[in-house]
1. Go through the stretch 233-273 and report how many residues are hydroxyl-bearing (Ser, Thr, Tyr) and farther than 27 Å from LEU200 by Cβ.
2. Of everything in the stretch 254-293, what is closer than 14 Å to GLY57 by Cβ and in a strand (DSSP E or B)? Give them in sequence order.
3. Give the stretch 135-165 a look and list any residue that's among the acidic types (Asp, Glu) and not in a helix (DSSP H, G or I), or say none.
4. What are the pairs, 6+ residues apart or on separate chains, where a residue within the stretch 168-191 that is over 16 Å from ALA249 (Cβ atoms) and part of a helix (DSSP H, G or I) has its Cβ under 7 Å from a residue that is among the acidic types (Asp, Glu) and modelled with pLDDT under 90?
5. Please state which of the following conditions GLU132 fails to meet, knowing it meets all the rest: (1) part of a strand (DSSP E or B); (2) acidic (Asp, Glu); (3) touching a Ser or Thr at 6+ places or on another chain (Cβ under 6 Å).
6. Check LEU160 against each of (1) in contact with a helix residue (DSSP H, G or I) (Cβ under 7 Å, 6 or more places away or on another chain); (2) touching a residue at least 24 places away in the same chain (Cβ under 8 Å); (3) aliphatic (A, V, I, L, M) and name the one condition it does not meet.
7. Quick one: LYS262 ticks every box in (1) more than 26 Å from the chain's Cα centre (by Cα); (2) surrounded by 13 or more Cβ atoms within 10 Å (Cβ to Cβ); (3) basic (Lys, Arg) bar one, so which box is it?
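The values are calculated or read from the model by the stated rules, or taken from the named source; none is laboratory data. This one's a predicted model, so the numbers in the text were calculated from it and none came from an experiment. Cβ: placed from backbone, ideal geometry, glycine included. Neighbour counts: every protein chain shown.
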Amino acid sequence: MSKDDTGEDWAGASSKEIRGARVRRMLRRFAVWVVAPTLLGIVYYGFIAAPQYDSVGVIRVQSKGGGKSNAKQVDSMLVKEYAESRTMLEYLVASHELKNHYEKGGDFASRLSSGASSEDLYDYFREKVTLEYQSESGSLRLTVRAFSGEVAQQLADAILRAAEEMTNSTDGRARTARTTLAADTVAEAEEQLVAAQLALTAIVIPESTELSLPSTDEMARLETARYMRDLARAKYEAALTAQEKVQVALVREQLYIAVVSKPSEPTGEAHPRRIWGILTVFVLSFVLMGVFTMLGATLKEHARF
């Protein structure tokens with residue numbers, strides 16, 4: 001063997017010298033691919049990475065009358081979508097200086113870029129604010145991560161208050177619409193009843209005598225007017241009954257947000273997990289070194305043919 005897989009000429013070299021050269025080359029490769037990135041990881045996670053804090057709260061969307069579980073899930077998902085929406089982001093930016101906090105806090109790798117676009121800001125917001133639906137309990141678990149425990153708790157409180165206002169507003173509009181529809185139906189039925197009663201009253205049938213009896217046409221008009229009056233009365237009574245049922249249902253179905261657990265005040269950093277981060281850098285560097293070593297050997301092997 002005159003050349004190794006690197007193309008170097010080892011003619012006349014002893015096997016010990018060849019093994020030593022290969023070991024040195026492997027050590028250099030290990031130092032470049034694994035040791036150096038791991039040292040950088042130690043420096044970053046040990047001395048640079050800014051602590052981040054999680055505030056966690058749990059809520060549940062409920063109705064006074066209980067309601068079906070699938071309906072509760074739909075209401076909970078609406079709250080989840082709102083809390084993670086661009087509307088919520090705009091509210092927090094305007095009222096709680098969210099963008100300013102994430103731009104000035106943290107370190108170079110974790111903070112929000114000062115020139116971030118609206119899309120970048122929203123993606124960053126979705127990383128820091130999560131609302132997870134717990135199917136077993138039907139609750140929503142809110143987690144807000146910030147560079148200050150106080151800010152994380154303040155943002156979590158603001159999100160829950162805004163979600164509660166949205167729920168009350170949406171439910172209020174729905175209740176108003178149903179109440180208005182029921183009242184309009186009653187008013188329409190009442191107008192029809194009054195009109196039918198007036199039409200019946202307007203029909204004058206002369207008193208019958210032995211020489212004069214009401215005509216068949218007059219009796220037919222009278223019976224028709226009575227029938228229309230009775231029909232209008234039945235419709236009016238049905239509308240009143242339906243209105244009462246709507247009022248009872250609105251009380252039973254009224255939505256509200258129950259706070260199971262208020263947003264916590266973080267007592268210690270939740271991120272980054274420093275030891276885990278360093279180990280991740282080490283393992284990934286080692287894997288990449290192996291992949292590129294095998295790739296290089298494969299390319300050189302093909303180059304010989």
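1. 4
2. Hits for the stretch 254-293 are ILE257, ALA258, VAL259, VAL260, SER261.
3. Selection gives GLU136 alone.
4. From residues that are over 16 Å from ALA249 (Cβ atoms) and part of a helix (DSSP H, G or I), there are no pairs.
5. Condition not satisfied by GLU132: (3).
6. Only one criterion is unmet by LEU160, namely (1).
7. (1)
Residues checked against (1) within 42 Å of the chain's Cα centre (by Cα); (2) at pLDDT below 90; (3) in the same structural domain as ASP157 (by TED's automatic domain parsing); (4) surrounded by 11 or more Cβ atoms within 10 Å (Cβ to Cβ):
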position: THR179; (1), (2), (3), (4): yes, no, no, yes
position: LEU193; (1), (2), (3), (4): no, no, no, yes
position: GLU207; (1), (2), (3), (4): no, yes, no, no
position: TYR227; (1), (2), (3), (4): no, no, no, yes
position: TYR236; (1), (2), (3), (4): no, no, no, yes
position: GLN243; (1), (2), (3), (4): yes, no, no, yes
position: VAL246; (1), (2), (3), (4): yes, no, no, yes
